[in-house]
1. Take the chain, compute every pairwise Cα distance, and split them into 20 Å bins from 0; I just need the percent in each bin.
2. For the modelled label position 7 Å from the Cα of residue 477 along Cα-to-Cβ, which residues of the stretch 407-444 have backbone nitrogen atoms closer than 12 Å?
3. I'd like to know which of 369, 66, 186 lies farthest towards the positive end of the charge dipole of the chain, counting +1 on Cβ of Lys and Arg and -1 on Cβ of Asp and Glu.
4. Anything over 19 Å Cα to Cα? Flag those among 77/197; 20/252; 20/140; 173/197, in the order listed.
5. Can you sort 139, 229, 68 from fewest to most other Cβ atoms within 10 Å of each residue's own Cβ?
6. Rank 129, 45, 56 by how far each Cα sits towards the positive end of the charge dipole of the stretch 4-141 (+1 on Lys, Arg Cβ; -1 on Asp, Glu Cβ) and give me just the farthest.
7. Test of understanding: what is the full-extension gain from residue 174 to residue 129, defined as 0.36 nm times their sequence separation minus their Cα-Cα distance?
8. Give the longest segment of the chain that steers clear of chymotrypsin sites (Phe, Trp or Tyr not before Pro) in DSSP loops with at most 15 neighbouring Cβ atoms within 10 Å, not counting the sites themselves.
Amino acid sequence: MPTIFNSKDSVFFVGGQGTKAGDQYAGGATLEAWNDVAKLNKNLANVMGANGEPASESDAWNGSQTACTITNNGSGKVRITRSSAFGFFPWLGLIANIEFSGIYDNDRYEVINRDPAENWIDIDLDYQAPGNGEPTCDCKVGGAFEKAQTVWNNTDATNGYSVTIHSNKNQSKTNGDFIATWNLGTAGGSMANKSFKRFAGFTTQPEDGGQVTFDGEDDAAFNPNGGICFDNTIEAVIFENVIVEDAYMNWKSVNTNVNSIRFVNCQGNSGAFYGWLLSYGRGFALIDCQANDNGFNGFYLGLGSGYPNHLLINCIAHGNVREGFQYTGGAFSSVLLGCIAYDNGNGGTKYSGFLTSSFYGSALLKNCVAYDNGKHGFEFTKSNPIAINCIAKDNGQWGFYANVAGSLMAPHVAYCCAHGNGSGQFSLPAALPEQNCIEEAPQFVDAANGDFRPRNPAVLRGGKPDINGNPTQMGAILQKYQFGDRERIANMARLRIIR
């Protein structure tokens with residue numbers, strides 16, 4: 001039977017409009033209809049009622065499955081009729097959540113036809129002869145869900161058809177929607193079937209980039225599993241524009257069978273322990289993510305799980321009690337590109353901005369910045385660390401420090417800048433010192449307020465040359481090189497000769 005989850009890509013919602021009350025039995029829409037200007041036209045009002053409730057429904061959903069009658073629509077599909085239930089909605093392409101009294105499977109189906117005057121809808125479900133009498137059903141069409149956990153548990157993206165969930169409803173202990181760990185279970189996507197499940201926050205219109213917050217309010221119910229937890233076999237999941245805060249460990253992974261998870265513009269803030277504890281799993285990618293003011297590390301990558309690889313791009317760790325970024329664990333690698341660690345580890349015990357401490361793996365840090373961290377800017381113990389185009393400024397001890405007493409392959413530190421660090425700029429093995437590095441002030445625009453744009457020409461053009469020998473820039477925030485006045489002013493005498 002073609003339920004929506006094995007026939008088409010779909011879109012679902014949390015909150016939506018008005019009070020954002022929603023409904024735990026809501027439907028949604030096909031992705032095709034949502035994007036079609038002649039159908040739903042990405043308009044929330046075409047999907048749900050004024051407060052996020054279903055667009056049409058068969059009166060109260062009371063579990064009796066008796067509100068609507070079922071007939072053959074004349075073309076072999078199921079027709080559902082209810083007086084006064086479908087007079088205005090639904091638009092074609094909405095999804096109906098249906099509970100049948102018999103014969104058919106309870107599930108969500110696409111609305112393929114309707115007649116507002118006659119109060120019926122046709123759904124994409126083959127009609128079957130009644131046998132022992134025609135079944136009846138309860139039906140809710142469209143609408144938004146009341147909270148994220150409900151929509152996550154009632155959608156399926158493992159059959160080759162992707163599911164996108166748009167939410168603008170903040171959840172917390174106070175409003176009763178976030179009172180314990182959100183365990184994602186196995187309800188993700190499928191690498192084999194090339195489908196994914198995506199959860200994206202928004203403010204007023206889906207895809208507007210607004211963030212939605214999950215606030216644990218320091219409730220002990222989130223300990224030890226944190227706010228949003230990957231603790232089961234799950235893969236092909238995307239989170240966008242989501243903030244988790246005050247949930248002990250805000251984001252946590254504890255299972256090695258977690259694969260290909262992506263975060264974009266997400267944050268883990270003010271947790272009692274870690275902002276991000278990605279101990280297990282393979283293929284975590286974090287883009288434009290943050291960890292602020294957590295009681296332990298901002299980003300903690302790995303815990304002896306043996307084989308995961310993590311990629312962090314343009315991520316920021318600020319104000320965390322311990323390291324901003326720590327990479328540790330077993331024989332795996334992590335790559336950090338354009339990441340910034342500032343004002344971390346400045347408590348009674350000092351900690352570094354970046355720490356690599358994996359026994360056998362490799363860590364690449366490229367175009368990263370460590371500023372005003374309590375201990376070192378970049379600290380290398382164990383592992384096979386590589387730092388290129390990085391800047392360490394005004395950290396408590398060394399800018400770049402290698403603990404040669406540990407199990408360490410000599411670090412490769414090249415085309416980096418260190419300045420103003422308390423103990424010195426580079427403390428690396430004498431046999432393999434820093435290469436093409438400089439000890440000059442990067443001249444950040446306003447580092448105290450998080451503006452790390454460098455202005456020193458030696459930094460703007462001092463990075464590792466590209467494959468054609470062209471200069472590149474150090475640091476995380478790239479900007480156009482401003483040529484000096486002598487290079488801008490034309491030689492008028494020479495121009496006259498050329499003419």
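The numbers here are math on the coordinates, done by the rules we state, and not lab data. Because the structure is a prediction, the values reported are computed rather than measured. All Cβ positions, even for glycine, are placed from backbone atoms using ideal geometry, and neighbour counts span all protein chains on display.
1. Per 20 Å bin, starting at 0, the Cα pair percentages come out as 22, 42, 25, 10, 1, 0.
2. 443-444
3. The residue sitting farthest along the positive end of the dipole is 369.
4. Working: 77/197 29 Å; 20/252 28 Å; 20/140 17 Å; 173/197 25 Å.
Among 77/197; 20/252; 20/140; 173/197, the Cα-Cα distance tops 19 Å for 77/197; 20/252; 173/197.
5. Details: 139 32, 229 23, 68 26.
Least crowded to most crowded, the residues run 229, 68, 139.
6. Value computed over the given set: 45.
7. Details: separation 45, 0.36 × 45 = 16.20 nm, distance 4.96 nm.
This chain segment gains 11.2 nm when fully extended.
8. Working: sites that count: 88, 359, 360, 481, 483.
Maximal segment without exposed cleavage sites: 89-358.
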